[in-house]
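Here the structure is laid out as structure tokens; the discussion comes afterwards.
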Amino acid sequence: MNRPGNRFTESPKTPPTPEFPLQEVPLESPHTEADLAVESATPEEVKRQQPIPPPSHLRQYRAIGLVYGHYQRSEEQLTKGNILTADGTLIDSVILGRVISLVKNHLDLEKPHLWVVYPRTRQENDALHVQIVGVWEPETLKKEDDQEIEPLLASTPGYFSIRGEVIFTERENQAVVVKIRQMPKTEADKPKFFKLKLRGTLSGKPISRFWDFQVQLKGDALTILEGLDLGFASKKKPMGKGGFKKTFDKNRHLSGEGEKRPFTPGQSPIPRPSRPKPVSEN
């Protein structure tokens, strides 16, 4: 099914250019980020879902992907280490949540696995860092159904779904920075944001617009394959200080009783009473 918006597709020879002018899509849902972790998936759960399901609504913020490789724990602790991919790239990693128990008791770390991860860009050096939130074992589904599984982009190793507001682009270095909103843990908490750096170029005026990116991990870089422009990220209009604009009429002023009366040009203003100065005793 075709979705409205402006598409960007990676080209091996020339920088990508959108085929249509930018179109704004109305905001249909509030900005939230669903928890898409596939943690300790059972065979029954595997039947019902993919490792990266489709977005729950048009403007859903998210950053999630799949990395295939060996997890190498650090000497200090199990939850910190690296994922060694097939091309020899080491990706700094940390294990979160119930995956810790899964890794300890059920996974053979001598074998590679398809890890479900949340990507992050370290601000100090722009290096890719991933948070492991699940593991996906497609062969489990084959054993249960004895049917061939149709390959999907959302279950391809190295695939990432990145959805958020583009806040910076640099064509010379092929850099695109996306701001992504995280869901607050409680209703009282304020939403938090993080910035994710992608590799690619965008034409037109992509800043401050909401994009749906299909991304592929190449080495240690998240490279844009395709992008769909979904319109401006914010619908708020700029306001004056205090949320409203204060107007001033130079032809009127307030009297001492708070009543309004006209001011005639050339009329001497009413002098204000002066306060007596205190007299100091010598």
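The values are calculated or read from the model by the stated rules, or taken from the named source; none is laboratory data. This is a predicted model, so every value here is computed, not measured. Neighbour counts are summed over all protein chains in view; Cβ atoms, including those assigned to glycine, are modelled from backbone coordinates with ideal geometry. For the accessible areas, the whole protein counts, side chains as well, though only heavy atoms, and no ligand, DNA or RNA atoms are used. Shrake-Rupley method; radii C 1.70, N 1.55, O 1.52, S 1.80 Å.
Within region 51-132, what whole-number % of the accessible surface is contributed by carbon and sulfur, with the 1.4 Å probe and all protein chains included in the calculation?
Working: 1960 of 3980 Å².
Of all accessible area on region 51-132, carbon and sulfur atoms account for 49 percent.
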Accessible-area order (highest first, 1.4 angstrom probe) of the listed residues ARG120, ARG73, ARG98:
ARG98, ARG73, ARG120
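Below 14 angstrom from the Cβ of PHE168, what's the summed charge of the other residues (Lys, Arg +1; Asp, Glu -1)?
After counting each charged neighbour, the total is +3.
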Rounded to the nearest 10 Å², what accessible area does HIS106 have for a 1.4 Å probe in the complete protein model?
140 Å²
Descending accessible area (1.4 Å probe), largest on the left, turns LYS205, LYS197 into LYS205, LYS197
